[in-house]
1. So is residue 370 assigned to a strand (DSSP E or B), closer than 30 Å to residue 35 by Cα, away from the ligand (no atom under 16 Å from the Cβ) and touching a helix residue (DSSP H, G or I) at 6+ places or on another chain (Cβ under 9 Å) or not?
2. Just to be sure I understand the filter: pairs with C-beta atoms under 6 Å, separated by 6 or more residues or on different chains, first member in the stretch 296-307 and within 14 Å of residue 380 (Cα to Cα), second member assigned to a loop (DSSP other than H, G, I, E, B) and of a type outside the set (D, E, K, R). Which pairs pass?
3. Having 1 or more residues that are farther than 23 Å from residue 172 by Cβ is the bar; report the strands (runs of 3 or more DSSP E) wholly within the stretch 268-351 that clear it.
4. When you go through (1) out of contact with any Leu (no Cβ under 7 Å at 6 or more places or on another chain); (2) buried (at least 21 other Cβ atoms within 10 Å of the Cβ); (3) modelled with pLDDT of 90 or more; (4) not acidic (Asp, Glu) one by one for residue 330, which number turns out not to apply?
5. Taking residue 236, is it surrounded by fewer than 20 Cβ atoms within 10 Å (Cβ to Cβ) and within 14 Å of the ligand (Cβ to nearest atom)?
6. Out of all the residues in the stretch 55-67, is one or more more than 30 Å from residue 190 (Cβ to Cβ) and more than 23 Å from the chain's Cα centre (by Cα)?
7. Could you list, in sequence order, all residues of the stretch 107-125 that are within 30 Å of residue 141 (Cα to Cα) and either among the aromatic types (Phe, Trp, Tyr) or within 13 Å of the ligand (Cβ to nearest atom) (or both)?
Amino acid sequence: MLAVACTKSNDYNYSQDIAPILQQNCTPCHRSGGAAPFSLTTFQQVNRKKNTILAVTQSGLMPPWPADRNYSHFIGERYLNNTDKQKIKNWIKNGAPEGDTSLLPPMPEYDAYSQIGKPDTTLWFDSILISGNSRDKFYIATLPITLSENKYVKAMEFLPNQNNLVHHMNGRLLNYEEGNKASITDGLRILNLEVDEAEYMNQFNALQLANDNGTRPEQINSAVNYLPGVQAQIYPEGIGGFRMNKKSILIADDIHFGPIPQDKWDHSRVNIFFSDAPPKRPIREVMLGTNGASKIIPPLVIPAGKITSHTTFLRIPEDISILTINPHMHLLGKRFKAYALTPAQDTIRLISIPQWDFRWQYFYTFPTMLKIPAGSVIYVEAEYDNTSKNQNNPHNPPQEISERLDNGGAGMRTTDEMLQFIITWLPYQAGDEKVSLKVK
Ligand code: HEC
C-alpha cells in the first residue's frame, strides 16, 4: 500500500481528512435513524451543506455541548479540537475536494434498537402528531405500564422513532401501590403544553395521575431522560436502579420536539432493563430553585426589556457523592453557573454554561463521582434576557415573565420561566471519588 497519510495543510480532501472527523464527531447523530434531522454520512450530503457546516463548526454550535470545558468535565463531551476545526475550514475554503473514495474509512456501526444492550421489554408511547409550523413544541405524554409482579429496573432507555423529532425528554415513574388505583389506563395520554393556564389545569387533571383517593403515588424522578446523541445512563453494578410496581405510569414531563416544516407523527418507545435484586445504593435526587428545596433570590420575575440575575443556594448537611447534574431554564435563559463552596472555603466547580441554549438540556454526568463535603453550600447563578435582542424571546414585544407558581402547574409552559438545578447523588462512601461512571 502507498503511503498516503501525509496530506499538506491546504490540500485536505473529504475521503482521507474530513470523513474521519465527521464520523467521530457528527455521524453519531447525523445518520439515517440518528438523532439529527439530516445525515452527514456521504460526500454528497456533506458537500450540499458545506456552508452551514463551516458556520456551525467554527462558531462551536456543532457538535452541541454548551458546557464550558475549561470549567469542568463530564462524560461524553462533544467538541472539535482546533486542528479539526482548521481542517474543515481549509477543506471548504479550497473547494471541498472529494479525494480518492477508495480511501474512505468504513462507517462505524450503530445499533438502531438499543445503545446499551438487549432490553427485557420495549413499550411504545401513543403516537403524537407534530404540526409542521416550524416552532418548538412541548408535551406531557403518559405511558401506563402493567407488569405481572413488582420488579426492579436497572436502566431505562428512551428511543425516538426513525425520523427523529424529539429534542429532549425527561421521564418520571409513578408507582401505584396495590389497591390504590383501579385503572391506570383511563387518563388522557398527551397534553400539549402550548395551552393557556386554565386549559392546562383541566388537561393535567385529565391525565388522572393521582391515586383514587386523591393522594399522590410514589414518584421516581429521572427514571429515564433523553437528549439527541446521548447514551442512556446505566451505572456501575450496585448503583442506581429502582422498583417498578405492577401498576405504574411513566410520564414524559416534558417532551420537546424541534421545529419541522411539515406535519409528522412521532412514535417513541422505551426499552426497559430489569434487575433481579433491589438497588444496593438507590440514587437520590435534589432540586434547587423552581418547585425545589431552595428559594430563588430575587424571585424569578423578569420584567419586559430587562436582563436579570438570580441565585439560589442550598447547604448540604452530609458528605455526598454527585453523579449527574441538570441545569434547567427556558427560552429567556442566558447564562448558568453552579459550584459548591466547602466549609474550608474551597470552590468545587460544577458547571458553567456561558451561552445558554434551551435546545440542549443535558444531564451532565461526572467522569467519576464527585465528593461534596458536609457543610458545603451549592450555589447557582443564572441570568435571563427578556429583551427583544434575545432571538428566543417568545413575546414580541417582550412581556413580563415569571414562574407562575400560583397554579400547581408551576412554570411548565414554555413561555413561563424556570430556574432549576437537579442533582443526583448518593450518601458518600470511602473510595467513591475513584468510581468511574462511564457507560461500558
Ligand atoms: C448530539 C447530536 C449531534 C451531534 C454530535 C452533531 N449534531 Fe448537528 N445537529 C443536531 C441536531 C438535533 C440538529 C437540529 C438542530 C437543532 O435541533 O438544534 C443539528 C443541526 C445541524 C446543522 C444545521 C444547523 C442550522 O442552523 O441549520 C448542521 C449544519 C449540523 N448540525 C452540523 C453538524 C456537524 C458538522 C457536526 C459534527 C462536527 C454535528 N452537527 C454534530 C445534532 C447533532
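1. Numbers: assigned to a strand (DSSP E or B): yes; closer than 30 Å to residue 35 by Cα: yes; away from the ligand (no atom under 16 Å from the Cβ): yes; touching a helix residue (DSSP H, G or I) at 6+ places or on another chain (Cβ under 9 Å): yes.
When the stated conditions are applied, residue 370 passes them.
2. Pairs found: 296/419; 300/419.
3. Values: elements: 269-275, 284-289, 307-315, 320-328, 333-341.
Passing ranges, in order: 307-315, 333-341.
4. (3)
5. On the way: surrounded by fewer than 20 Cβ atoms within 10 Å (Cβ to Cβ): yes; within 14 Å of the ligand (Cβ to nearest atom): no.
When the stated conditions are applied, residue 236 does not pass them.
6. If we filter the stretch 55-67 for residues that are more than 30 Å from residue 190 (Cβ to Cβ), which is where we start, we get 55-63, 65, 67.
Now narrow it down to the ones that are more than 23 Å from the chain's Cα centre (by Cα): 55, 58.
Yes: one or more hits.
7. As a first pass, look at the stretch 107-125 and keep what is within 30 Å of residue 141 (Cα to Cα): 110-125.
The answer is 110, 113, 115, 124, 125.
Quick grid of which residues meet (1) aromatic (Phe, Trp, Tyr); (2) within 17 Å of the chain's Cα centre (by Cα):
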position: 295; (1), (2): no, no
position: 300; (1), (2): no, no
position: 306; (1), (2): no, no
position: 311; (1), (2): no, no
position: 314; (1), (2): no, no
position: 332; (1), (2): no, no
position: 342; (1), (2): no, no
position: 353; (1), (2): no, yes
position: 366; (1), (2): yes, yes
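The values are calculated or read from the model by the stated rules, or taken from the named source; none is laboratory data. The model shown is predicted, which means the values in this text are computed figures rather than measured ones. Glycine also receives a Cβ, built like all others from the backbone with ideal geometry; neighbour counts cover every protein chain displayed.
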